[in-house]
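Data block below; observations after.
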Amino acid sequence: MFRIGITGGIGSGKSTVCRLFAEHGIPRYDCDREAKRLMVEDEALREAIRSRFGEACYNDAGALNRPYLARQVFGSPAKLAALDALVHPAVIADFERWAEAQRAPYVLVESAILFEAGLDRRVDRTVAVLAPAALRLERAVRRDGADPEAIRRRMAAQADDDTLRDRADFSIVNIREEELAPAVAELDRRFRQFALRHAD
Ligand code: ATP
């Protein structure tokens, strides 16, 4: 299955872009959502998290105690890296299974940390969704009702648009909504051609 990785900073419009691809019949794997699901449903991952970060990571009903886990890794890059080293391979393995089960011209995988998690090596082409930082901040605040300072901190921890533009094979600048659908339609046309060549 031909695979496209979609990345971009918070509020850049990754999910919006993926919804437009869905109108062309292209399925998408949302790493954020699936990681949260796997941390609850994947028995091996649960066990690894429990043994590294403590029994209290899960409550008696089996639900993830997210605030507890967040406190364990807060302020410790080494512990956060240890958690990522457990979660990322589980997500990648799940994505691989999912991708092979799809029946579509090609598939998308959406992740804000596509390059950082090494997912770029599991896809055939990468797309960066870009937008000015001020606009991304405004969108994220409006969507989540979040504290602008908290969003700014998350943005500062993510790769900037220049870095993403350099690393990705394609980029979509998402400023004006009406320009987004034609940009996605053009990429869809190209990806279908790549996928056909790839299948030969
Ligand atoms: P995150 O990484 O935070 O999940 P994302 O990159 O997936 O963000 P979206 O959720 O697609 O971003 O977009 C963020 C918000 O901005 C959403 O509420 C979306 O509807 C809005 N938005 C996205 N693109 C545009 C646009 N071109 N014009 C206006 N609003 C937009």
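The values are calculated or read from the model by the stated rules, or taken from the named source; none is laboratory data. Model, not experiment: these values are computed from the prediction. As a convention, Cβ positions derive from the backbone with ideal geometry for all residues, glycine included, and neighbour counts pool all protein chains shown. When the accessible area is computed, the model is the full protein with side chains, heavy atoms only, and any ligands, DNA or RNA have been set aside. Shrake-Rupley method; radii C 1.70, N 1.55, O 1.52, S 1.80 Å.
What the table shows:
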| item | result |
| --- | --- |
| Qualifying residue in segment 91-98 (condition: more than 15 Å from the ligand (Cβ to nearest atom), in contact with a strand residue (DSSP E or B) (Cβ under 7 Å, 6 or more places away or on another chain) and at pLDDT 95 or above) | yes |
| Residues being in a helix (DSSP H, G or I), within 21 Å of the chain's Cα centre (by Cα) and either surrounded by 12 or more Cβ atoms within 10 Å (Cβ to Cβ) or of a type in the set (S, T, N, Q) (or both) - total across segment 60-72 | 1 |
| Members of segment 134-155 found to be without any contact (Cβ under 8 Å) to a residue 40 or more places away in the chain and within 20 Å of SER171 (Cα to Cα), listed by number | ALA134 |
| Residue that is farthest from the ligand (Cβ to nearest atom) [pool: residues in segment 10-22 that are touching a strand residue (DSSP E or B) at 6+ places or on another chain (Cβ under 8 Å) and among the small types (Gly, Ala, Ser)] | ALA22 |
| So ILE172, is it in a helix (DSSP H, G or I), of a type in the set (A, V, I, L, M, F, W, C), touching a helix residue (DSSP H, G or I) at 6+ places or on another chain (Cβ under 9 Å) and surrounded by 15 or more Cβ atoms within 10 Å (Cβ to Cβ) | no |
| Condition met for GLY25 (open to solvent by 20 Å² or more (accessible area, probe 1.4 Å), in contact (Cβ under 8 Å) with a residue 24 or more places away in the chain, away from the ligand (no atom under 16 Å from the Cβ) and under 28 Å from ARG143 (Cα atoms)) | yes |
| Residue in segment 40-59 that is touching a Leu at 6+ places or on another chain (Cβ under 8 Å), within 16 Å of the ligand (Cβ to nearest atom), open to solvent by less than 20 Å² (accessible area, probe 1.4 Å) and of a type in the set (Phe, Trp, Tyr) present | no |
| ILE172 being touching a Leu at 6+ places or on another chain (Cβ under 8 Å) and at pLDDT below 95 | no |
| Any hit, segment 95-106, residues being of a type in the set (Gly, Ala, Ser), in a strand (DSSP E or B) and open to solvent by less than 20 Å² (accessible area, probe 1.4 Å) | no |
| Residue check, GLY75 modelled with pLDDT under 95, open to solvent by less than 20 Å² (accessible area, probe 1.4 Å) and away from the ligand (no atom under 16 Å from the Cβ) | no |
